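Undergrad: What follows is a structure written as structure tokens; I'll ask about it next.
The values are calculated or read from the model by the stated rules, or taken from the named source; none is laboratory data. Computed from a prediction, not measured in an experiment: that's the story for all the values here. Using ideal geometry, Cβ is built from the backbone for each residue, glycine included, and neighbour counts are taken over all protein chains shown.
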Amino acid sequence: MACGGTGGGGPAGPEDPPVTGPCPAPPAGAAIASAGTLGSNPAASGTPRIVLMGGSAEVDPASKRFVEAAGGGDVLVLRATGSVTSYNDYFRTGVGASPTPASVTSIRLDDPGVGDSGPVLCHLALAQAVWLAGGNQWNYLGVWPPALQDSIAAVGLRGGIGGTSAGAAALGEFAFDARHGGVTSEDALADPFDHRVQVSRSPLGRPELAGYIVDQHFRQRDREGRLLVFLARMQHALERDTVFGVGLDERAALVIDDDQFQVLAREGRAAVFYRTTRRAELEPGQPLDMAGVERITLEDGAAGPWPLDFDAHPAVRLRVDAGVVRVDTTDLVPGATTRR
């Protein structure tokens, strides 16, 4: 069927025939640009795949994996700010994907209220892969309308989904949603209930990232401390001792598909994984106390089964005492009382 209209709606359901027609132009409040011909390969079939990048310049091999998840179909880039042309040729021909996607379209929602318009949702109904650009994740998590969020999630179940920086942060089960702006490690560790420390369940969270929260620009912006605070807040939200985090360096990527993962990164960059085993001590206005944290650093080429088997990799044990992150040289038994 062809897409049309400007009213709200959702992607085609499983009982509907596949969308094969082009979409009308989005209404005022959305900017759009394309490379290729939308809907010109109706036989394309996507491959479910997640690609997360830590920001700054893209990691070309990971971009190639993302585009190839579209299976020669249509790729959609969604963003709240920035250029509507920067990704189109890069994804379509610049990364050397095989098969080449039929089209790459970028839509910027200057007015988030048009995010659930028929033309925007039509592009999502056609897409075999969707990419969330960098920016402020609160736009994706708290400002964009639920129908748009649901349609983004639906693409990820049938094809590729990914993002860089804020776009990557939006795809964990939980996210630092940045509704009150950013927060430094120093401020978060000093008070895990600082009003800027907003950790919530993501409406875009991927099933493969259940129990995970994702942070970006990781070691370049000294974000380990705040990620530990986010994990502590997750523990208490879920009433669970064990939760997981991944911090992605700039120019580093994590690819997950077919129950496997791979880290792709430029020299010296990495994906840093965390597992907690004991619930942190949290009190408003007081610095974080936390023990039982394991950290694994994986560089370019690291690969294996997903979910990550923490017991299969060398880990560093960490603890946080009165807001100070330390390497834990004690050998505490899981469940033991935290030492201070």
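Undergrad: Which numbered condition in (1) buried (at least 24 other Cβ atoms within 10 Å of the Cβ); (2) not in a strand (DSSP E or B) is the only one that His236 fails?
TA: (1)
Undergrad: Restricted to the range 6-60, and to residues that are in contact with a helix residue (DSSP H, G or I) (Cβ under 8 Å, 6 or more places away or on another chain) and surrounded by fewer than 13 Cβ atoms within 10 Å (Cβ to Cβ), which residue is modelled with the highest pLDDT?
TA: Taking the candidates together, the pick is Ala28.
Undergrad: Hey, does the range 175-188 have a residue that's at negative phi and either in a strand (DSSP E or B) or not assigned by TED's automatic domain parsing to the domain that holds Arg233 (or both)?
TA: Scanning the range 175-188 turns up at least one residue that is at negative phi and either in a strand (DSSP E or B) or not assigned by TED's automatic domain parsing to the domain that holds Arg233 (or both).
Undergrad: Quick one: would you say Asp215 is in contact with a Gly (Cβ under 7 Å, 6 or more places away or on another chain), buried (at least 18 other Cβ atoms within 10 Å of the Cβ) and assigned by TED's automatic domain parsing to the domain that holds Arg326?
TA: yes
Undergrad: Show the residue pairs that are 6+ apart or on different chains and have beta-carbon atoms under 6 Å apart, the first residue being within the range 252-271 and surrounded by fewer than 16 Cβ atoms within 10 Å (Cβ to Cβ), the second being at pLDDT 95 or above.
TA: Pairs that qualify, where the first residue is surrounded by fewer than 16 Cβ atoms within 10 Å (Cβ to Cβ) and the partner is at pLDDT 95 or above, are Asp259/Trp306; Gln260/Trp306.
Undergrad: Oh, and also: For the condition among the hydroxyl-bearing types (Ser, Thr, Tyr), surrounded by fewer than 24 Cβ atoms within 10 Å (Cβ to Cβ) and in contact (Cβ under 8 Å) with a residue 60 or more places away in the chain, what is the one hit in Ser117, Ser98, Ser165, Ser86?
TA: Checking each option against the conditions leaves just Ser165.
Undergrad: Suppose we filter Leu254, Leu231, Leu171 for residues that are under 18 Å from the mean Cα position of the chain (by Cα) and part of a loop (DSSP other than H, G, I, E, B); which single one remains?
TA: Leu171
Undergrad: Something else: For Val293, state whether it is within 20 Å of Ile50 (Cα to Cα), surrounded by 18 or more Cβ atoms within 10 Å (Cβ to Cβ) and in the same structural domain as Asp191 (by TED's automatic domain parsing).
TA: no
Undergrad: Give me a count of the residues in the range 71-86 that are within 19 Å of Ser40 (Cβ to Cβ) and under 18 Å from the mean Cα position of the chain (by Cα).
TA: Summing the residues that are within 19 Å of Ser40 (Cβ to Cβ) and under 18 Å from the mean Cα position of the chain (by Cα) in the range 71-86 gives 3.
Undergrad: Hey, another quick one. Counting only residues that are touching a helix residue (DSSP H, G or I) at 6+ places or on another chain (Cβ under 8 Å), within 25 Å of Ser56 (Cα to Cα) and not in a helix (DSSP H, G or I), how many does the range 134-162 have?
TA: The qualifying residues number 7.
Undergrad: Of the numbered conditions (1) touching a strand residue (DSSP E or B) at 6+ places or on another chain (Cβ under 9 Å); (2) in a loop (DSSP other than H, G, I, E, B), Ile213 satisfies every one except a single condition; which is it?
TA: For Ile213, the failing item is (2).
Undergrad: For residues that are of a type outside the set (A, V, I, L, M) and farther than 10 Å from Val77 by Cβ, scanning just the range 124-139, find the one that is surrounded by the most Cβ atoms within 10 Å (Cβ to Cβ).
TA: Gln137
Undergrad: Check whether at least one residue in the range 183-198 is farther than 30 Å from Val327 by Cβ and not aromatic (Phe, Trp, Tyr), and report yes or no.
TA: Yes, the conditions are met somewhere in the range 183-198.
Undergrad: Another one. Checking the structure you have, find out if any residue of the range 140-151 is under 22 Å from Ala43 (Cβ atoms), among the small types (Gly, Ala, Ser) and either within 14 Å of the chain's Cα centre (by Cα) or crowded, with 22+ Cβ neighbours inside 10 Å (or both).
TA: Within the range 140-151, one or more residues are under 22 Å from Ala43 (Cβ atoms), among the small types (Gly, Ala, Ser) and either within 14 Å of the chain's Cα centre (by Cα) or crowded, with 22+ Cβ neighbours inside 10 Å (or both).
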